[in-house]
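Please treat every number below as a calculation from the coordinates, not as lab data. Predicted model only: the values in this text are computed from it and were never measured.
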Amino acid sequence: MLDFLLLALLVVAIAIGWWLGRLQRVPLVRNSQQQNMLPRDYFTGLNYLLNEQPDRAIETFIQALEVNSDTVDTHIALGALFRSRGEADRAVRIHQNLLARPALNAMQSDQVQLELSRDFLQLGVLDRAERLLQQLIRDTQDNDIRRSAKRLLVDLFEREREWQQALDVASPQLMRQEEDMRRAAAHWLCELAQQHLESASPSLARKHLRQALTTDPACVRANWLLANIEREAGNYKAEIRVLRRIPEQSQGFTPIVLKPLRDAYLKLEDEEGLEQSLRLLNEPMPHISAVIMIAQSMIRRGDHAGATAFAVEQVNANPSLRGIDYLMDLYLLDRSVPQHENIALLQQHISKRLDALPRFRCQRCGFSGMQLHWHCPRCRSWGSVKPINDLESE
């Protein structure tokens, strides 16, 4: 972090040096003392920087650099440095000082207001950030600044769980341009649907979930919630139809479908349909959870030997600790298999290891855990957390 800060400060120092050199070439009416002070302050700041004293370097550069139209970008960069170091209060002072200067043109003023809103967001002063961003979106003539302000305002409404307001800000145009925004909007609609489900309004929830799938056809969560609605209503055939859409959206989510799919088939007393459905799901991408459920279905039909042979074949083809753990279960059920005590001891150690393994991982930042989060707690990406399907966890 310190290396990054020093590098950033070095870039700022070069920019300041360029401006000061340019200033010296411009014939201005200044007394000789003022002309000599600027270079001296600059080189003093550079000396602090080279001696890894970034705080003193920043203060000296700010003193050396007067605010005018040529130095606004450098002041903004210094403010951003403070904010990146977690000192957003100091960044606020720099940006507010800039806004008070008459030298700023309209575009520079908009840029400073955008930076100030970022400062307020980091400080958690959300009401002031919201007012600034709303004003920018309404008044700025610069499309890039308006787009950035919309993204920040959407982020603010997400923090406050104001899903409808986030949808109102993220216009259809912005959603068409940005895949992440489109994916997020589908999840905001799912959040609204969840609220309606909690208030016993399934029809309104369905409406929002259909909108979510229109917004992002790949939104697994929308079908997941639709399946839950069908299950609560006792419509198990409809639940199965919805659940089978999820692997078509993303094969990586197959593991979360398996248990509710099994339960729905068992409610319908359709063991044959269950086994057929599980085999179809297991073909394109093998999942040990599906293999285990197929073997359990075979055992319920009385085919214990066939279940064991099937499980052995699948684990040999796709090695997995969870598969080995299940094979040990099968061997322990068969009293003719020798070394029961040793198998039981080995299974105990493997089970402890499996219990400690995460089941889900964010594809963006690597966050992992035992729970499925539709909104990653670390990087705050929507829909990026998926089931882990590897040698240990699956």
* Asked: Looking at this model, which pairs from LYS352/LYS386; LYS150/LYS386; LYS267/LYS352; LYS259/LYS352 are more than 26 angstrom apart at the alpha-carbon?
  -> LYS150/LYS386; LYS267/LYS352
* **Whole-Å distance, taken between Cα centres, linking the range 120-187 and the range 216-275** => 34 Å
* Which number comes out as Rg/Rh for the range 127-196 once both Rg and the Kirkwood Rh are worked out on C-alpha atoms? -> 0.98
* Calculate the translational D of the range 70-220 in whole µm² s⁻¹ from Stokes-Einstein, where the hydrodynamic radius comes from the Kirkwood formula applied to all Cα pairs, the temperature is 4 °C and the viscosity 1.567 mPa s. => 77 µm²/s
* Stokes-Einstein D for the range 243-296 at 10 °C, 1.306 mPa s, Kirkwood Rh over Cα pairs, in µm²/s? -> 145 µm²/s
